[in-house]
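Read the structure below first, then the notes.
The values are calculated or read from the model by the stated rules, or taken from the named source; none is laboratory data. Keep in mind it's a predicted model, so treat the numbers as computed, not measured. Cβ placement follows ideal geometry from the backbone for every residue including glycine, while neighbour counts extend to all protein chains displayed. Calculation scope for accessible area: heavy atoms of the full protein, side chains included, ligands and nucleic acids excluded. Shrake-Rupley method; radii C 1.70, N 1.55, O 1.52, S 1.80 Å.
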Amino acid sequence: MKKTICIWTLIGLLALSASLAWAGGRIETIDISDGIPTPFPGTVVAKIKGIEWDIRTIPVNYSINTQFDPVPNPLGPPVLTLDQAREAIARGMQSWNDIPTSFIEMRLEGEVNKATPAGFDMIFEQTFITPPFFAAIASSASTSLITDVVFNDGDDIDGDGDSDVSSAIATAQDVDNDGDVEFPAGLYEAGTILDNDVQYNASLLRFTVDPADADTNSLSTDLEGVAAHELGHSHGLSHVLDNNTSKQDGTATTMFPFIDTGDPATELSIRTLNDDDIAWSSFLYPEGSASSGIAALQPGDLAFDSRYGIISGEAFQGAQGGIPLAGASVAAYKANGGKFVGSAYSGVTQLGFIPASGTLFVIDEEFNIPEGCFEIPIEPGRYDLRIEAVDGSPVSFASTNQTVLIGTFFNQGDFSEEYYNGAAEAAIEDDPGDSQAVVVNPGRESGGNDIVTNVVSPILEYGTLDFTGFINVPEGFLYAVAFPAPLIAAVDPGADGFALQAGLFETFVLDDSVPAQFAQTALCRCTINNDGTANIDLQHPLRREKNFLVQDSDFSTYFFDDPVDLGNQVASEIASGELENLCLVLEVGEEPFEGVSAQPPLIGLDFPADVPLTGRSFFSQDGGATWNPSQFNFRFSLQATDK
C-alpha cells in the first residue's frame with residue numbers, strides 16, 4: 001500500500017531537509033488522483049501539491065521517545081533530562097498553537113520507548129534517535145498520500161498488521177491504546193499527512209534549554225528554537241530565503257534553513273515566529289473557515305479573513321521568451337524600504353509518474369510548468385514585491401520544495417533580482433529597482449501582480465568563491481573594484497545606449513542575528529596607475545547610498561537611480577575619453593561591530609587561479625586617500641541592459 005498511495009519527505013535544518021493552484025511556502029508531494037495520462041503509455045500526470053494535516057487529524061498528538069534519559073550530549077555534562085527536553089519541545093509546539101488566526105494544534109502527551117529511528121508506523125514521534133550517517137541538526141520526516149483515498153474501518157495503512165482506521169471516532173486518536181494513532185474512516189485527499197516524526201541529532205551537538213546556556217560554542221544549540229523550526233515543517237511549511245533583510249530586524253527567521261549555533265541571539269530568536277510563518281500557518285489552517293469544530297472561532301481566535309488578504313500574480317522568465325516561471329521566490333516588504341513580511345514560490349507544476357515503478361520524470365517546460373502563479377497571505381498594508389532566484393545563495397534549491405526543483409531542472413533560476421513595477425514589467429526593463437506598491441485589504445485578493453524577469457548584461461571579472469574576508473578590518477575600511485571603459489561599452493555594441501542599473505556585491509555575516517550594513521556604497525570614476533595603485537574619486541560619486549544594507553551569503557544589489565540617464569552619462573564620458581574606469585566601492589561601518597564575533601560584514605573573494613589576477617580589486621585603509629591592489633578578485637559586478 002505504501003508504494004502506491006503515499007510518499008515520504010524529509011526536510012530539516014542544515015540539510016535536505018491548501019490550494020493546488022499555487023506553490024507557496026510549502027512542502028510538497030504529488031497528486032495522481034485524476035489519473036490523467038501523459039503522452040507516454042503507462043504513465044499519468046502527477047500534479048505537485050502541498051502537504052497538510054486533515055482537519056480530522058488535529059490536534060496532532062505526538063509521543064516523545066523515552067529511550068534516552070538524560071538526552072545524550074557529545075560534549076559531556078551538563079545534560080538535559082527528558083522532562084527538560086519534553087518541556088522545550090512543547091514550548092516549540094505552543095508557539096504555533098498560539099497563533100490566533102490558525103487552528104493548527106500540536107500536543108506532546110504520549111510516550112514511546114524505541115531503540116530504532118522513527119519511521120512510518122502511525123506514531124508521531126519526537127525523538128533523539130537518528131538514522132546512521134545522519135548529518136543534520138534535526139529533521140522533520142512526513143509520509144503523505146499521493147492520491148485521494150477512502151479509508152474504511154479496520155484498514156491497515158502502514159502495513160504492520162494492526163488496524164489504523166476506525167469508524168467509531170470523529171478525530172484521530174489512539175483508540176486501542178497500543179501507542180499508534182487511528183484515523184477516522186472516510187475520504188482523505190492527496191497531500192494529507194499520515195505520519196510525521198521530528199528527529200533531533202543528539203550525537204552531533206549539545207541541546208540546551210536555558211537561554212544563558214545558549215553559548216557561543218558552535219556544537220551547542222537551543223532545543224526550543226530548533227523544535228519551532230522543525231514543527232513548522234511538520235505541519236507543511238517549507239524553508240524561506242529571507243533572513244535579516246531589514247534595518248529594523250535584528251533577529252533570524254524561524255523557517256530559514258540554517259541556524260548560527262555560534263550566535264546565542266540567533267538561536268533564541270527563532271523561538272519567536274515571524275510574520276511569514278504566522279501567515280502561512282494561518283493560510284493552511286484558517287480560523288473561522290468552518291461553523292463548528294476546531295476550525296470554528298473559539299475565545300481568543302481571529303478569523304483569517306479579518307486579519308489577512310492575498311497578494312497574487314504570475315511570474316514569467318523574460319530570458320526564455322516569457323514562459324511561466326517556476327520556483328522563484330517572490331517576497332513582500334513593507335513599502336518604501338521596510339522589513340520583510342511574507343513570501344511564496346512561484347509556479348503551478350507537474351511531473352510524469354509511472355505507477356508500476358513509482359518513478360517520476362520530466363517531459364518539457366510546457367508540460368511540467370503550465371503556470372507561474374504565486375500567492376502570498378499577508379496582513380493589510382502597502383508592499384513592495386521583489387523576485388529572486390533560488391540559486392544556492394543563500395539557500396539551495398534542494399532545501400525548498402518540488403516546484404523549485406522543477407524550475408531549477410529547466411534552468412529557470414538564471415535571472416537577476418528585481419522589483420515588481422506594474423505596467424513597466426517586461427523582459428527588457430530600464431529600471432528594475434523601481435517599485436510599484438501593492439495594496440492589500442483584509443479578506444480580499446490583490447491580483448494581477450505579474451512579474452517578468454529582466455534580461456540583463458552582467459559586467460564582472462571574477463571566478464568562483466574561494467574565501468570570504470576580511471576579518472579584523474577597522475571602521476572606514478574601503479573595498480573597490482574597477483571596471484574598464486571597454487568592458488562597459490561592450491554592453492551596447494550598437495551604440496544606441498544602455499541603462500546602467502545596479503551594482504552587486506557578494507556579502508556575508510558572521511552573526512545571523514545582526515542586520516549587516518556597510519557605511520556606504522558608491523559608483524565612482526577611477527584611474528589605475530602604472531604602479532598598480534588606483535585613484536578613485538570618492539568625493540564626486542556618480543551614485544551613492546549611505547547605510548547600505550547587505551544580505552547574508554548572497555549577492556546584495558544596489559539599484560542605481562535613473563539608470564538610463566546614468567548609462568547615457570557613462571557612455572558619453574567613455575566616448576570622449578574622460579572615463580577610463582568605473583569603480584564600485586563599499587565602506588565598512590563604525591565600530592564597535594555588533595554580535596558576538598564583533599566583526600563587520602564580509603565580502604566574497606576569488607583567489608585568481610581560475611580567473612587571472614586582474615589588478616582591478618583595491619582596498620584603502622586611509623579613507624580613500626590611497627588605494628592598493630588586492631591579491632584577490634573581489635566578487636563585485638555591474639548590471640546593465642542594452643536598450
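Amide H contacts under 5 Å for Val455: Ile428, Glu429, restricted to partners 5 or more places along the chain or on a different chain, H placed in the peptide plane at 1.01 Å from N. Put a plus charge on the Cβ of each Lys and Arg, a minus charge on the Cβ of each Asp and Glu, and nothing anywhere else: the dipole of the stretch 301-369 about its Cα centre is then about 380 debye.
Computed with a 1.4 Å probe on the full set of protein chains, the accessible area for Cys583 sits at about 0 Å². Count Lys and Arg as plus one, Asp and Glu as minus one, and take only other residues whose Cβ is under 14 Å from that of Gly624; the net charge is then -2. Scoring 141-148, 284-291 by mean Cβ neighbours within 10 Å over their residues and listing the highest first yields 141-148, 284-291. Lys334 contributes about 80 Å² of solvent-accessible surface, heavy atoms of the protein only, 1.4 Å probe. For the chain, the solvent-accessible area with a 1.4 angstrom probe is 37 square angstrom per residue.
Reported to the nearest whole Å, the Cα centre-to-centre distance from the stretch 161-182 to the stretch 412-455 is 49.
When the solvent-accessible area of the chain is split by element, carbon and sulfur atoms take up 51 percent of it, the probe being 1.4 Å. Counting only DSSP H runs of at least 4 residues, each contributing -39500 (n - 2.57), and dividing by the residue count of the chain, the helix-based mean residue ellipticity at 222 nm comes to -3500 deg cm²/dmol. Peptides 34-42, 481-489, 272-280, ordered by how many other C-beta atoms sit within 10 Å of their residues on average, highest first, read 272-280, 481-489, 34-42. With just the Cα atoms defining each centre, how far is the stretch 100-118 from the stretch 550-623? Give it in Å. Going from one Cα centre to the other spans 49 Å.
In a reduced charge model with +1 at each Lys and Arg Cβ and -1 at each Asp and Glu Cβ, the chain shows a dipole moment near 580 debye about its Cα centre. Can you tell me how the stretch 234-389 classifies by the Cα gyration tensor, rounded, prolate or oblate, using a/c under 1.5 as the rounded cut? Verdict is prolate for the stretch 234-389.
Accessible area of Val44 (1.4 Å probe, protein heavy atoms only, ligands and nucleic acids ignored): about 20 Å².
The Cβ shell under 12 Å around Val198 holds other residues with a net charge of -4, Lys and Arg each +1, Asp and Glu each -1. Does the stretch 336-483 classify as rounded, prolate or oblate by the C-alpha gyration tensor (a ≥ b ≥ c root eigenvalues; a/c under 1.5 gives rounded; else a/b over b/c gives prolate, otherwise oblate)? Here the stretch 336-483 falls in the oblate category. Projecting the Cα atoms of Gln569, Leu284, Gly443 onto the dipole axis of the chain, where Lys and Arg carry +1 and Asp and Glu carry -1 at the beta carbon, places Gln569 farthest toward the positive end. Considering the stretch 427-476 at the alpha-carbon level, its Rg and Dmax are found to be 19.8, 51 Å.
Taking a straight Cα-Cα cut-off under 12 Å and skipping sequence neighbours fewer than 8 places away in the same chain, the aspartates and glutamates within cross-link reach of Lys339 are Asp242, Asp249, Asp275, Asp276, Asp384. Local charge for His229 was computed over the other residues whose Cβ lies under 11 Å away, with Lys and Arg +1 and Asp and Glu -1, and equals -4.
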